[in-house]
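Presented below is the structure to which this report refers.
The values are calculated or read from the model by the stated rules, or taken from the named source; none is laboratory data. Computed from a prediction, not measured in an experiment: that's the story for all the values here. Every residue, glycine as well, gets a Cβ built from its backbone with ideal geometry; the counts of neighbours run over all protein chains shown.
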Amino acid sequence: MKNFISTIQDIWKIEELRNKIILTLGLMVVYRLAAQVPLPGIDPTQLSGLQNTTDSNNILGLLNAFTGGAFAQASVMALGIMPYISASIVVQLMGIAVPYLQKLQKEGASGQKKITQITRWLTVGILIIQAPTYIVSLPTLGIPPSAFLLGNGPMFWFSSIILLTAGTIFAMWLGEKITDKGIGNGISLLIMIGIIATFPSSFSQEMSSRINAGSGGILMV
């Protein structure tokens, strides 16, 4: 333990590393704060139905964990960084079969820059599909009509799709900044901090369900 503390102290003494750590932590805090901002026009006090639906569905629960709970909060960051991850996977798979991408992979830094640009545009394309899907699914996921303060009309749809798209692009930008200016692996760190953020509520829900079920078991982490 003393060696660990000593190592941390040594790292903190290096100005460049210290600045990178501070920048990384700051950007991660910004990401978490943005995840708490609900979509305009939705009453955040009436989202218990969405939370319950998310908790009872394994796939939605996993997605909610990756977004740090933003999915179940109808946040502007509800889609999180996952569209970018999906786009990255698609581009990597296409790199096996598409000659143009294979050529870019062999061009070094300049080629990687172009691949990154392609990934960004593909992310926007995925968002054009996922954002409307999320909006249209909100009523079926447990949000009552009264939660839509300004109605569930075209203006709400348009503004929400724009904000969801902007939220993911902002998360993508934060991840890239952490990678370039921070300690690296920005996208992975954003996913990690999102999962960690859901630990307290997940633990509490698990304990409550066990107590209500009368099992009396204790969840070991």
**Prompt:** Which residue, of G49, G69, G108, is surrounded by fewer than 18 Cβ atoms within 10 Å (Cβ to Cβ), at positive phi and of a type outside the set (D, E, K, R)?
**Reply:** G108
**Message:** For segment 153-183, give me the residue count where each residue is touching a helix residue (DSSP H, G or I) at 6+ places or on another chain (Cβ under 7 Å) and not in a helix (DSSP H, G or I).
**Reply:** 2
**Asked** Residues L163, L190: which one is more than 16 Å from L25 (Cβ to Cβ), surrounded by 14 or more Cβ atoms within 10 Å (Cβ to Cβ), within 18 Å of the chain's Cα centre (by Cα) and not hydroxyl-bearing (S, T, Y)?
**Response** L163
**Prompt:** Under the condition of being among the small types (G, A, S) and under 30 Å from S75 (Cβ atoms), which residue from segment 1-36 is surrounded by the most Cβ atoms within 10 Å (Cβ to Cβ)?
**Reply:** A35
**Message:** I'd like to verify a number: residues in segment 72-85 that are over 14 Å from A171 (Cα atoms) and either modelled with pLDDT of 95 or more or out of contact with any Pro (no Cβ under 9 Å at 6 or more places or on another chain) (or both), how many?
**Reply:** 1
**Asked** Is it the case that Q9 is at pLDDT below 90, more than 19 Å from the chain's Cα centre (by Cα) and not hydroxyl-bearing (S, T, Y)?
**Response** yes
**Asked** Since L141 meets every condition but one in (1) within 21 Å of the chain's Cα centre (by Cα); (2) outside any loop (DSSP other than H, G, I, E, B); (3) surrounded by 15 or more Cβ atoms within 10 Å (Cβ to Cβ), which condition does it not meet?
**Response** (2)
